[in-house]
1. Is it the case that some residue within the range 56-66 is touching a residue at least 40 places away in the same chain (Cβ under 8 Å), touching a helix residue (DSSP H, G or I) at 6+ places or on another chain (Cβ under 7 Å) and farther than 24 Å from N29 by Cβ?
2. Can you tell me which residues in the range 170-209 are β-branched (V, I, T), closer than 21 Å to L233 by Cβ and either in contact with an Asp or Glu (Cβ under 6 Å, 6 or more places away or on another chain) or open to solvent by 70 Å² or more (accessible area, probe 1.4 Å) (or both)?
3. What tally of residues in the range 1-29 results from selecting those that are more than 20 Å from A238 (Cβ to Cβ) and either over 16 Å from the mean Cα position of the chain (by Cα) or of a type in the set (F, W, Y) (or both)?
4. Can you go through M197, M183 and tell me which one is touching a helix residue (DSSP H, G or I) at 6+ places or on another chain (Cβ under 6 Å) and not acidic (D, E)?
5. Here is a list: T75, T61. Which entry is of a type in the set (S, T, Y) and open to solvent by 20 Å² or more (accessible area, probe 1.4 Å)?
6. Suppose we keep only residues that are of a type outside the set (A, V, I, L, M, F, W, C) and over 21 Å from N65 (Cα atoms) within the range 168-181. Which one would you say is nearest to the ligand (Cβ to nearest atom)?
7. Go through the range 183-201 and give me each residue that's away from the ligand (no atom under 13 Å from the Cβ) and in a loop (DSSP other than H, G, I, E, B).
Amino acid sequence: MQVIIFDDAQQVAQSAAEWVAELINKKSNPVLGLATGSTPISLYQELVNKHKAGELSFSNTTSFNLDEYLGIDETNEQSYRHFMNVNLFNHVDIDKSKTFVPTCNNGENPREQGLAYEDKISQAGGVDLQILGIGANGHIGFNEPTSSLSSRTRIKTLTQQTIDDNSRMFAADEFQPTLAMTMGIATILDARYVLLMATGKNKAKAVKDMVTGALSAACPASALQLHENAIILLDKEAASELEDQDYYIWANKQNLKINREFGLYHNY
Ligand code: F6R
């Protein structure tokens, strides 16, 4: 894992945007894995700004979202499809027919839908760079604690903690889904690079468990310890429970030197 600690959340977003821009500018048919939630909103704003400044085109990009609620359709303002439209897709030149969200509508077989989503990712050549946030309970995507570390796209029942954490997005009398389709942990680990963003004090414990805790279904994000190219972008607050902060800061300086001398090498 490469842990990089920034002064604030804006710097986390700017760094994540540079990673995405590098991929898109380097590869002819880039495949992005996307996340929703509060954390990546500032990343998407940075990407929209780059696009408007003429620095970034999404015209050849294919995207796969991590997850989608069940029980609401894509026209619902709470759907993650709607979130992606409003925060990114409507403002850039991406071909929406190449943007995918794992859905399972009424009457559809969830097992078949999950397999079909996995197939679509394979047919696109696999995800080059997967953007992730982390739940306060250590979830990635909606892989809640107890998720199999070998899981694939499927339905997950949300934990009470996740339902409570996300209730801030829902009005008091609004239906809040308790089920979601989500890429599995193995699906996420298949991406060539994973870029996890975490900001704020309420993520500090989950970040500590992910980076230095036991590899365990109790903290699904700890599975990223097995990934060859896991980049963890943190603000100071999210990093605050890590014991080795000075080491990460020092190691990152060495990495920058190595990159300057030998050039960046990302094997997308
Ligand atoms: C969203 C997702 C979730 C969020 C996580 C953090 O697609 O998969 O894992 O990344 O719940 O959410 P925020 O950023 O709202 O704290």
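1. The answer is no, given that none of the residues of the range 56-66 is touching a residue at least 40 places away in the same chain (Cβ under 8 Å), touching a helix residue (DSSP H, G or I) at 6+ places or on another chain (Cβ under 7 Å) and farther than 24 Å from N29 by Cβ.
2. T199
3. Within the range 1-29, residues that are more than 20 Å from A238 (Cβ to Cβ) and either over 16 Å from the mean Cα position of the chain (by Cα) or of a type in the set (F, W, Y) (or both) number 7.
4. Of the residues listed, the single one that is touching a helix residue (DSSP H, G or I) at 6+ places or on another chain (Cβ under 6 Å) and not acidic (D, E) is M197.
5. Step by step, each of T75, T61 is checked, and only T75 is of a type in the set (S, T, Y) and open to solvent by 20 Å² or more (accessible area, probe 1.4 Å).
6. Out of the qualifying residues, it is R168.
7. First pass over the range 183-201, keeping only residues away from the ligand (no atom under 13 Å from the Cβ): 186, 189-193.
Passing the criteria: D190, A191, R192.
For (1) of a type in the set (G, A, S); (2) part of a loop (DSSP other than H, G, I, E, B); (3) modelled with pLDDT under 95, each residue gets a yes or a no:
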site: S147; (1), (2), (3): yes, yes, no
site: K156; (1), (2), (3): no, no, no
site: N166; (1), (2), (3): no, no, yes
site: A172; (1), (2), (3): yes, yes, yes
site: M181; (1), (2), (3): no, no, no
site: K203; (1), (2), (3): no, no, no
site: M210; (1), (2), (3): no, no, no
site: S240; (1), (2), (3): yes, yes, no
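The values are calculated or read from the model by the stated rules, or taken from the named source; none is laboratory data. Quick caveat, the model's predicted, so the values are computed rather than measured. Because the Cβ atoms are built from the backbone with ideal geometry, glycine has one as well, and the counts that use them run over all protein chains shown. What goes into the accessible areas is simple: the full protein's heavy atoms, side chains included, and nothing from ligands, DNA or RNA. Shrake-Rupley method; radii C 1.70, N 1.55, O 1.52, S 1.80 Å.
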